[in-house]
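Worksheet: the structure to be examined is printed underneath.
The values are calculated or read from the model by the stated rules, or taken from the named source; none is laboratory data. Worth saying up front: this structure is predicted, and the values here are computed from it rather than measured. Here the Cβ positions follow ideal geometry from the backbone for every residue, glycine too, while neighbour counts run over all protein chains shown. Just so you know, the surface numbers come from the protein's heavy atoms only, side chains and all, with ligands and any DNA or RNA stripped out. Shrake-Rupley method; radii C 1.70, N 1.55, O 1.52, S 1.80 Å.
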Amino acid sequence: MKEKAVNQKQSDDLRKKAEEKLRRLTSKPLHELSAAESHRVIHELQVHQIELEMQNEELRHAQEELENSRTKYADLYDFAPIGYLTFDENGLIFEANLTAAEQLGIERSFLIKKPFSGFIHKDDQDIFYMHRQEVLKSSTRHTCELRIKRKDGSEFYAQIVSSTLLGHYNRIRTAVINITERRKAEEALKEKQHLNELLLNAIPHPAMLINTGRIVQAANQSALDIGVTLGEYCWKEFGKCEYLSDEDKKRSEDNPDDKGIKCIFCLADDAMKGPELRTMNDPEVHAFDRVWDTYWDPIDKDTFLHYAIDITDRKKAEDKLNSTLGELERSNTELERFAYIASHDLKEPLRTIRSFTDLLSQRYRGKLDKEADEFIGFVQDGTGRMEQLIDDLLTYSRVSESKIPVPVDCNKMLVRAIANLTVLIERKGGKVTFDPLPTLMMDDMNMELLFQNLINNGIKFHGEDPPRIHISARQTNEEWLFSISDNGIGIEEPHKEQIFQIFKRLHSRSEYAGTGIGLAICKKIIDILGGKIWVESEPGKGSVFFFTIPDVKK
Amino acid sequence: MSVPTSRGNFGNASVRALQPSREILLVEDSPADVRLMKEVIRECDLDCNLHVVEDGSKAIDFLQRIDRFESVPRPDMILLDLNMPKEDGYDVLDAIRSSRDLSSIPVIVLSSSSSKIDIRSAYQLNANCYITKPAGLSDFVKVMNSIGDFWFNTVKLPPL
């Protein structure tokens, strides 16, 4: 209605103007005009009218186009993918597009005259306040990020871009961009990076992620420790570390253009089979095993996990082991030397004493006096024992680890041991029986010695009945349990451990001869084989010697 | 230094009667062992002339009849100790085996050592046998008897 009234007034004004113009066109009133003059005026008026009509038509046209254009821009404004808001001097919304209304979850009409702060997360209020101040102060474009709270209470992250309206220094136009997706992607990336970091740090060796351009993207602490720098070309870094073995250095010198060789970052399947790599970044020289490259993510073929295993400790242990082995070898040589000296140099004078005492005894027995015969007897006895001791000690010292264990048929060894003792067994009227025995990986000499000493022991310490010895073996979990049982005098509880000590004797020489080394030899052999030896016995009824030998398969 | 020893008259007197006494060279540095060997030979029925030298270089001189050994006989057998000052038993053995004239003489190594290394080395240098000196007198007599029995009665020695 109002619009119509305005239009009416406009058209009345227009009429007045037109009549005024007509008066200026003719100097006298219309009724005083001649026919010719009237014609001219009428013609003139008609032309004007047409002219006016044409102008009018053009105006209408322009008006229409303007209208179209306005609608078009309004649409663009309203349906823009980002929200637009305009704030008045008091910071109240006085214009908003449909997107903004949608973003805020409210009808557009309800937005007008409302403060924008009502839609901002309470923790982010200051951000927006500062942002507005900055824009008002500098009149230039500013950006911030904050959380928008919709009418329904849901939230989203928004980027806010604001500037003052042209010609209105205190009015602000703001674009609201929903950056939830971007934020999510960033969070996901951060999480992935965090995960990468965790995984890399879980690798107990210097490890890093590099891309095909050999830029270090991530590295664990051990890698950083040896001089790796994030974001840099790995070759530069490794140049500092001197990560190359001599062989690799030569290769890189021979192929100066081949960075693949130079930085020994060969990709994936082509991992360098280098020997040990050393880093000079550390005062201590580190040894590294070959360097590995492998796809970090089977889908993302741009990222490689690059790592080398630090084998410094292993190398040190190897060095130590080698020197210990050397020492051991020297000490073994010493021992052999000692054994030789004992066998030769120690026995030589003893043999002379023995031989001439024998001569003395043979030629002068009964020719001196009774005492002299007795003394000669003591000397002979003493030298005999000394010889036996030296021999036993030698045997004991020669029991050593077999250089190459061979399959040993224990049955054969036992038969040999029995054969060695035939004289003794027959003299005592003894009998040795055995069950089938296994074949084991070991030193055959040791096994024979073991049986011989144990059987000898059983025969020697026989009781009133003729000695009976039985040998058997059975397999338990991962070892063989041997038993040698006898019907001898047995061993009393307190002595069960002592008997395996060297030169330990439980009886006087007049009761039982011997040096007390036999069981010590057995214990040494079993110790070397990694087994155990013990005795179960009931005094007067007999003893059972047990020993175990680990069942080492070839 | 030639000590003719001949004793005992048991069993094979008729065999021995057909053969001249054997010449044995004993290479031994220990006077006690030399004496013992003489006594042992006395104890057993070995018909031989025992010549003794106390070290390796003298043994070589003896075998090559140098200087004072100009008129010694060529031994039928050598009893060789290994452990001696100056040239030891190995050197003597090596010299004997390298000489065309001497290489055929049987050499019996008689040592107090029972070390595997010594035994192996002696055989590698072509000793005819290796005997560890027995500890007791009776064992020693037994050994010398079996040496005599084997080398003088059983086997044929290389002709001169």
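Collect the residues in the stretch B:22-68 that are assigned to a loop (DSSP other than H, G, I, E, B), of a type outside the set (Val, Ile, Thr) and open to solvent by 30 Å² or more (accessible area, probe 1.4 Å), keeping them in residue-number order.
B:Asp29, B:Asp45, B:Asp47, B:Glu54, B:Gln64, B:Arg65
Only one of A:Pro539, A:Pro494 is in contact with an Asp or Glu (Cβ under 6 Å, 6 or more places away or on another chain), farther than 12 Å from A:Leu454 by Cα, surrounded by fewer than 20 Cβ atoms within 10 Å (Cβ to Cβ) and not aromatic (Phe, Trp, Tyr); which?
A:Pro539 is the lone residue from the list that is in contact with an Asp or Glu (Cβ under 6 Å, 6 or more places away or on another chain), farther than 12 Å from A:Leu454 by Cα, surrounded by fewer than 20 Cβ atoms within 10 Å (Cβ to Cβ) and not aromatic (Phe, Trp, Tyr).
Go through the stretch A:123-141 and report how many residues are open to solvent by 30 Å² or more (accessible area, probe 1.4 Å) and either in contact with a His (Cβ under 8 Å, 6 or more places away or on another chain) or touching a residue at least 24 places away in the same chain (Cβ under 8 Å) (or both).
Result for the stretch A:123-141: 5.
So is A:Glu155 outside the structural domain of A:Phe119 (by TED's automatic domain parsing) and open to solvent by 70 Å² or more (accessible area, probe 1.4 Å) or not? Walk me through it before giving the result.
Values: outside the structural domain of A:Phe119 (by TED's automatic domain parsing): no; open to solvent by 70 Å² or more (accessible area, probe 1.4 Å): yes.
So A:Glu155 does not fit the description; no.
Considering only residues that are free of Cβ contacts under 8 Å to residues at least 24 places away in the same chain and within 12 Å of chain A (Cβ to nearest Cβ), look in the stretch B:126-142 and name the one that is farthest from A:Thr357 (Cα to Cα).
Of everything passing the filter in the stretch B:126-142, B:Thr132 is farthest from A:Thr357 (Cα to Cα).
Taking the condition of being open to solvent by 10 Å² or more (accessible area, probe 1.4 Å) and free of Cβ contacts under 8 Å to residues at least 40 places away in the same chain, how many residues in the stretch B:89-105 meet it?
Quick first cut of the stretch B:89-105, residues open to solvent by 10 Å² or more (accessible area, probe 1.4 Å) only: B:90-91, B:94-95, B:97-104.
After this cut, where a residue has to be free of Cβ contacts under 8 Å to residues at least 40 places away in the same chain as well, the list is B:90-91, B:94-95, B:97-103.
Of the residues in the stretch B:89-105, 11 are open to solvent by 10 Å² or more (accessible area, probe 1.4 Å) and free of Cβ contacts under 8 Å to residues at least 40 places away in the same chain.
State which residue pairs qualify: first residue free of Cβ contacts under 8 Å to residues at least 12 places away in the same chain and inside the stretch A:310-339, second residue in a helix (DSSP H, G or I) in any location, beta carbons under 9 Å apart, and separation of 6 or more residues or different chains.
As it stands, the answer is A:Glu336/A:Ser397; A:Glu336/A:Arg398; A:Glu336/B:Ile117, since those pairs meet every condition given.
Check off (1) modelled with pLDDT under 90; (2) exposed (fewer than 12 other Cβ atoms within 10 Å of the Cβ); (3) not polar (S, T, N, Q) for A:Asp78 and give me the number that stays unchecked.
It fails just one condition, (2).
Among the residues of the stretch A:398-420, which ones are open to solvent by less than 20 Å² (accessible area, probe 1.4 Å) and in a strand (DSSP E or B)?
We begin by selecting, within the stretch A:398-420, every residue open to solvent by less than 20 Å² (accessible area, probe 1.4 Å); these are A:399, A:408, A:410, A:413-414, A:417.
The answer is A:Val408, and nothing else.
Check A:Ser355, A:Ser361 and return the single one that is among the small types (Gly, Ala, Ser), in contact (Cβ under 8 Å) with a residue 12 or more places away in the chain and out of contact with any Cys (no Cβ under 7 Å at 6 or more places or on another chain).
A:Ser361
Pick from the stretch A:81-103 the residues that are part of a loop (DSSP other than H, G, I, E, B) and open to solvent by 70 Å² or more (accessible area, probe 1.4 Å): which of them is modelled with the highest pLDDT? Give the steps one after another, and end with the answer.
Pass one, the stretch A:81-103, residues part of a loop (DSSP other than H, G, I, E, B): A:81-82, A:88-91, A:97.
Checking the rest, the ones that are also open to solvent by 70 Å² or more (accessible area, probe 1.4 Å) come to A:81, A:89-90.
Numbers: A:Pro81: 89, A:Glu89: 80, A:Asn90: 83.
Among those that are part of a loop (DSSP other than H, G, I, E, B) and open to solvent by 70 Å² or more (accessible area, probe 1.4 Å), it is A:Pro81.
Any residue that is within 14 Å of chain A (Cβ to nearest Cβ), at pLDDT 90 or above and open to solvent by 30 Å² or more (accessible area, probe 1.4 Å) - is there at least one of those in the stretch B:106-117?
Looking for residues that are within 14 Å of chain A (Cβ to nearest Cβ), at pLDDT 90 or above and open to solvent by 30 Å² or more (accessible area, probe 1.4 Å), one finds none in the stretch B:106-117, hence no.
Just the residues that are buried (at least 16 other Cβ atoms within 10 Å of the Cβ) and either in the same structural domain as A:Phe338 (by TED's automatic domain parsing) or part of a helix (DSSP H, G or I) (or both), please, taken from the stretch A:421-431. Even if it seems obvious, please write down each step before you answer.
Initially, the stretch A:421-431 is screened for residues buried (at least 16 other Cβ atoms within 10 Å of the Cβ), giving A:421, A:425, A:430.
The answer is A:Ile425, and nothing else.
What are the pairs with Cβ atoms under 7 angstrom where one residue, in the stretch A:494-507, is modelled with pLDDT of 85 or more and the other, located anywhere, is charged (D, E, K, R)? Sequence gap at least six, or different chains.
Pairs that qualify, where the first residue is modelled with pLDDT of 85 or more and the partner is charged (D, E, K, R), are A:Phe500/A:Lys523.
Considering only residues of the stretch A:339-371 that are closer than 14 Å to A:Leu394 by Cβ and exposed (fewer than 14 other Cβ atoms within 10 Å of the Cβ), which is nearest to the other protein chains (Cβ to nearest Cβ)?
Once the filter is applied, the top-ranked residue is A:Asp345.
Considering each of A:Thr383, A:Thr395 in turn, give the residue that is within 14 Å of another protein chain (Cβ to nearest Cβ), among the β-branched types (Val, Ile, Thr), surrounded by 14 or more Cβ atoms within 10 Å (Cβ to Cβ) and under 54 Å from the mean Cα position of the chain (by Cα). Lay out the reasoning, then the answer.
Working: A:Thr383 fails: under 54 Å from the mean Cα position of the chain (by Cα).
The conditions single out A:Thr395.
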